[in-house]
Amino acid sequence: TAAAAADQDLAGKHVVVSAGGTRERLDPVRYLGNASSGLMGLSIARAAALRGADVTLVAAHIEHPVPSGCTVRRVESTADLAETMTELSESADVIVMAVAAADFTPRTRAESKIKKASESSGLQLDLVQTTDVLKTISHARPRPQVIVGFAAETATDADHLLELGRAKLARKGCDLLVLNDVSGGKVFGEDDNRIVVISPDDVLGHHSGPKSVVAHRILDAVHSVAAR
Ligand code: CTP
Ligand code: CA
């Protein structure tokens, strides 16, 4: 049936989905992390597998079990992510960057546990910027592929959200950007999501609902762009 055919619209495609939050090591026992649960990326990986894709999940720290039927590559830091994504981009037809990648990492990693210098001393961290993985892979493109970025922004209203999204999409050089407004402090760890999908010249759609459903709407957008 037509429905069954549409269900398999990613058959034969290698879809690479990064998910979760990276961790940047400070010393042997501490790291800088973030609040991503990994749920959105996991939902996309699962949805892509259901639609027939050969899925590689690049998993940073995630708080949920990984879906069966995906090849899993574990990464810790943004540097690890950069290396793994660059390798996988050689064979990927679709790349979805749902991971929350640290923007900053310690300039040096302490070999032994950082100790308090005195009873009242604080601690200054010296951080440097990480590689922008999305921007790097969007500019490299060793083969034709659809590249999807994510952006969680705190916007004053819907127009401001679009303005921030358009600027970010242009800066990154990706094909689609999934935008969400996190002004209310929502989304992280929640089951539901409210998103806007944009391309360089269009607003492709507004979607809200469980991440498992929103994931399919994001893949619909990928399919529509790939078919152009
Ligand atoms: N991203 C990435 N590498 C980084 C940081 C972010 O690949 N070092 C990706 C994220 O996975 C996401 C997209 O870039 O798909 C946008 O992330 P975001 O944090 O919104 O963008 P930044 O360029 O880091 O901008 P900001 O200063 O607003 O955090
Ligand atoms: Ca960032």
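Every number in this text was worked out from the coordinates using simple rules, so none of it is lab data. These numbers were taken from a predicted model, which means no experiment stands behind them.
Counting only DSSP beta bridges with both residues in segment 113-228, the antiparallel share comes to about 60 percent. Cross-link partners for LYS135 among the lysines, with Cα-Cα distance under 18 Å and sequence neighbours closer than 8 places in the same chain left out: LYS168, LYS172.
Rounded to the nearest 10 degrees, the angle from helix 39-50 to the longest Cα principal axis of the chain is 30 degrees. Residues whose amide H lies under 5 Å from that of ARG23, counting only those 5 or more places away or on a different chain, are HIS61, SER77, THR78; hydrogens are built 1.01 Å from N in the peptide plane. Shape of segment 157-228 from the C-alpha gyration tensor: oblate (a/c of 1.5 or more and a/b not above b/c, with a ≥ b ≥ c the square roots of its eigenvalues). If amide H atoms are built 1.01 Å from N in the plane of the peptide, which residues on other chains or at least 5 residues away come under 5 Å of the amide H of LEU204? Hits under the 5 Å cutoff: VAL197, ILE198, SER199.
Measuring max minus min along each principal axis, the C-alpha atoms of the chain give extents of 71, 39, 32 Å (largest first). Rounded to the nearest Hz, the phi-derived 3J(HN,Hα) couplings of segment 18-24 under the Karplus curve 6.51 cos²θ - 1.76 cosθ + 1.60 (θ = phi - 60°) are 9, 8, x, x, 6, 10, 10, where x marks glycine and proline. Within the chain, DSSP assigns beta bridges of which about 40% are antiparallel (rounded to the nearest 5). Rounded to the nearest Hz, the phi-derived 3J(HN,Hα) couplings of segment 195-209 under the Karplus curve 6.51 cos²θ - 1.76 cosθ + 1.60 (θ = phi - 60°) are 10, 10, 9, 10, 10, x, 10, 9, 9, 7, x, 10, 9, 9, x, where x marks glycine and proline. Proximity of backbone amide H atoms, modeled 1.01 Å from N, is registered between ARG74 and ALA59 at under 5 Å, excluding neighbours fewer than 5 places apart on the same chain.
Rounded to the nearest 10 degrees, the angle from helix 78-88 to the longest Cα principal axis of the chain is 30 degrees. Any chance you could give the angle, 0 to 90 degrees and rounded to 10, that helix 211-226 forms with the longest Cα principal axis of the chain? The angle comes out near 60 degrees.
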